[in-house]
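Worksheet for the structure shown next.
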Amino acid sequence: MLDISSNKIKDNMKKVFLIGADGMLGGELKERLEKNYEVVGTTIETLDICDKSAVLAKAKEIKPYFIINCAAFTNVDACEVKEDLALAVNGTALENIAEAAKQENATLIHISTDYVFAGNKPINEIYTEDMEPNPVSAYGRTKLVGEQNAKKAGKYYILRTAWLYGLGGKNFVKTMLKLSENHDEISVVDDQHGSPTSTTTLCEIIEKIMEKEPEYGIYHSTNEGFTTWCKFTKKIFEYANIKTNVKAITSEEYKEMYPASSDRPKNSQLSKDKLKSVGIIPANWEDALKEYLKEELK
Ligand SMILES: NC(=O)c1ccc[n+]([C@@H]2O[C@H](COP(=O)([O-])OP(=O)(O)OC[C@H]3O[C@@H](n4cnc5c(N)ncnc54)[C@H](OP(=O)(O)O)[C@@H]3O)[C@@H](O)[C@H]2O)c1
């Protein structure tokens, strides 16, 4: 009896083809979605998104309602020296995924980035979805190609996120916590402005998009509120009760210390008005950080 009813529940569940299911975002998303959807997750070991026929065949096998792409080449500095590979994974592969979505009449949810913008607007201005992207890094350029290709799915949501951290991956918060263990002072850039975003908040946004299915298009999807990397670090240390001093430096000073580092937008502030207009209200970045640290520091 139990088996029959659980099969019935499964029959009514929408199918999700989750690509990048072992990444920082994908891992958490898989765990959450499995409660309400029938999820088939793939990783680089089981599906290379650059392999078009494999992507199309997998979609045909799963027959998903949603295809969610969390896979990407995410090392921003490495993208500068391996732009061909970055373009293949972040850009061209989205043509394969979009075609798979079309083939199955599925809705594509693709994760993009604030780095599609140059970030050279004055700090009192905020980027909206309809503003023209003009990336200054290889990562941003390749992710923009990915957005252009994702749109070919027809039924698509492109969620631009930023400054992402989560329990299941390497990220800025973990790096700062680690550095504080053997440094009395850390120098952190204080002239790049954006929204730190927890994977938990981004998962909540994705789940709400899946429930509500608002108008297709691009949605800026970060935690609410803005800060700088330096002030973010100060908050991490305040909440974690760490005494390490945080010294504010400029992007130019950082570049002198790490010449191989990629240029990053100074203004990465994304408006959430469109997201809010469809009834999705992301948590404030400070509240999300507090929640994350409760788990991370357990
Ligand atoms: N992290 C951030 O700060 C940030 C900011 C803005 C936007 N985003 C976007 O958010 C999304 C999720 O980021 P994340 O930090 O969760 O990424 P992540 O942890 O780096 O996960 C990405 C996954 O994609 C896999 N992958 C790489 N090449 C692939 C290929 N050819 N075929 C299949 N899988 C492949 C990676 O495998 P390997 O690990 O084996 O390479 C990894 O498991 C990405 O679209 C990213 O661009 C991230």
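No other residue among K121, K174, K170, K151 is within 18 Å of the chain's Cα centre (by Cα), touching a residue at least 24 places away in the same chain (Cβ under 8 Å) and not in a helix (DSSP H, G or I) apart from K170.
Within region 86-118, restricting attention to residues that are out of contact with any helix residue (DSSP H, G or I) (no Cβ under 8 Å at 6 or more places or on another chain) and not in a loop (DSSP other than H, G, I, E, B), which residue is farthest from E45 (Cα to Cα)? My answer is D114. Selection of region 159-173 for residues being of a type in the set (G, A, S) and surrounded by fewer than 19 Cβ atoms within 10 Å (Cβ to Cβ) yields G168, G169.
Criterion first (in a strand (DSSP E or B) and in contact (Cβ under 8 Å) with a residue 24 or more places away in the chain) does I44 satisfy it? Give the steps one after another, and end with the answer.
On the way: in a strand (DSSP E or B): no; in contact (Cβ under 8 Å) with a residue 24 or more places away in the chain: yes.
Answer is no for this residue.
For region 28-67, name all the residues that are more than 10 Å from the ligand (Cβ to nearest atom) and either under 18 Å from K155 (Cα atoms) or among the β-branched types (V, I, T) (or both). Of everything in region 28-67, those that are more than 10 Å from the ligand (Cβ to nearest atom) and either under 18 Å from K155 (Cα atoms) or among the β-branched types (V, I, T) (or both) turn out to be V39, V40, L56, A59, K60, I62, K63, P64, Y65, F66, I67.
Could we say that T142 is hydroxyl-bearing (S, T, Y), within 15 Å of the ligand (Cβ to nearest atom) and closer than 20 Å to D287 by Cβ here?
On the way: hydroxyl-bearing (S, T, Y): yes; within 15 Å of the ligand (Cβ to nearest atom): yes; closer than 20 Å to D287 by Cβ: no.
No, not satisfied.
Return the residues of region 258-277 that are surrounded by fewer than 20 Cβ atoms within 10 Å (Cβ to Cβ) and either in a helix (DSSP H, G or I) or out of contact with any strand residue (DSSP E or B) (no Cβ under 8 Å at 6 or more places or on another chain) (or both); say none if nothing qualifies. Y258, P259, A260, S261, S262, D263, D273, K274, K276, S277, listed by residue number.
Does T128 meet the test of being surrounded by fewer than 23 Cβ atoms within 10 Å (Cβ to Cβ), among the hydroxyl-bearing types (S, T, Y) and modelled with pLDDT of 95 or more? Explain how you work it out, then say what you get.
Details: surrounded by fewer than 23 Cβ atoms within 10 Å (Cβ to Cβ): yes; among the hydroxyl-bearing types (S, T, Y): yes; modelled with pLDDT of 95 or more: yes.
Here the answer is yes, as T128 does meet what is asked.
Of everything in region 278-298 that is within 17 Å of the chain's Cα centre (by Cα) and of a type in the set (G, A, S), the residue that is surrounded by the most Cβ atoms within 10 Å (Cβ to Cβ) is A288. In the condition set (1) at pLDDT 95 or above; (2) in contact with a helix residue (DSSP H, G or I) (Cβ under 8 Å, 6 or more places away or on another chain), E238 is compliant with all but (2).
The values are calculated or read from the model by the stated rules, or taken from the named source; none is laboratory data. Because the structure is predicted, anything quoted here is derived from the model rather than measured. In this analysis, Cβ positions are derived from the backbone assuming ideal geometry, glycine residues included, and neighbour counts consider all displayed protein chains.
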